[in-house]
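Enquirer: I have a structure here, written as structure tokens, and I will follow up with some questions on it.
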Amino acid sequence: ERQHSELIHDVESFKTERLKRTNTQEKIVLPNAQDVATEKTQKALLQGVEAFDTGKLKHTQTQEKNPLPDKDAIEQEKGKQNLISGIENFDTSKLKHTETQEKNPLPTKEGC
């Protein structure tokens, strides 16, 4: 009790003139109405997604927009690629040397 009474006496006899003037800086900024509304909207959206009943969905068939080619088209393309590869990789050293013979000679100026 003695401490309590001394404490009360000190508080009552305290002179506020001794205090220095200070500016209060608010460190915790409360959200404004727009922030609260945005957060409520996001929360409602998440709850809607989490509580969604998948039993309400209808079954659907997926249609393939870019179907793969059939087996025949693949075989034709492989044949074309093999032909082009054979032409590009042809070994010219296997060819025999030939002489060109002109069988239909054109007339010369002297013969006209």
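The values are calculated or read from the model by the stated rules, or taken from the named source; none is laboratory data. Just so we're clear, the structure is a prediction, and the values are computed from it rather than from any experiment. Heads up, the Cβs are rebuilt from the backbone with ideal geometry, glycines too, and the neighbour counts pull from every protein chain shown. Surface areas here come from the heavy atoms of the whole protein model, side chains and all, with no ligands, DNA or RNA. Shrake-Rupley method; radii C 1.70, N 1.55, O 1.52, S 1.80 Å.
Enquirer: What percentage of the solvent-accessible surface of the chain, computed with a 1.4 Å probe over protein heavy atoms, is contributed by carbon and sulfur atoms?
Expert: Heavy-atom surface of the chain belonging to carbon and sulfur, 1.4 Å probe: 53 percent.
Enquirer: Sticking with this one: Please give the length that would be gained between Ile84 and Thr60 if that part of the chain were fully extended, namely 0.36 nm times their separation in residues minus their C-alpha to C-alpha distance (nm, one decimal). Don't skip to the end; give the middle numbers.
Expert: On the way: separation 24, 0.36 × 24 = 8.64 nm, distance 4.42 nm.
This chain segment gains 4.2 nm when fully extended.
Enquirer: Treating the angle as unsigned and between 0 and 90°, give the value, to the nearest 10°, between the Cα long axis of helix 71-88 and the longest Cα principal axis of the chain.
Expert: Approximately 60 degrees, to the nearest ten.
Enquirer: Turning to a different aspect of this structure: Counting each DSSP H run of 4 or more residues in the chain as -39500 (n - 2.57), what helix-only mean residue ellipticity at 222 nm follows after dividing by all residues, to the nearest 500 deg cm²/dmol?
Expert: -14000 deg cm²/dmol
Enquirer: Might you report the magnitude of the Cβ-based charge dipole of the stretch 1-57 about its Cα centre, with Lys and Arg at +1 and Asp and Glu at -1, to the nearest 20 debye?
Expert: Numbers: 9 positive and 10 negative charges, 51 e Å.
With only Lys, Arg, Asp and Glu charged at Cβ, the dipole is about 240 debye.
Enquirer: How much accessible area per residue does the chain have, in Å², with a 1.4 Å probe?
Expert: 116
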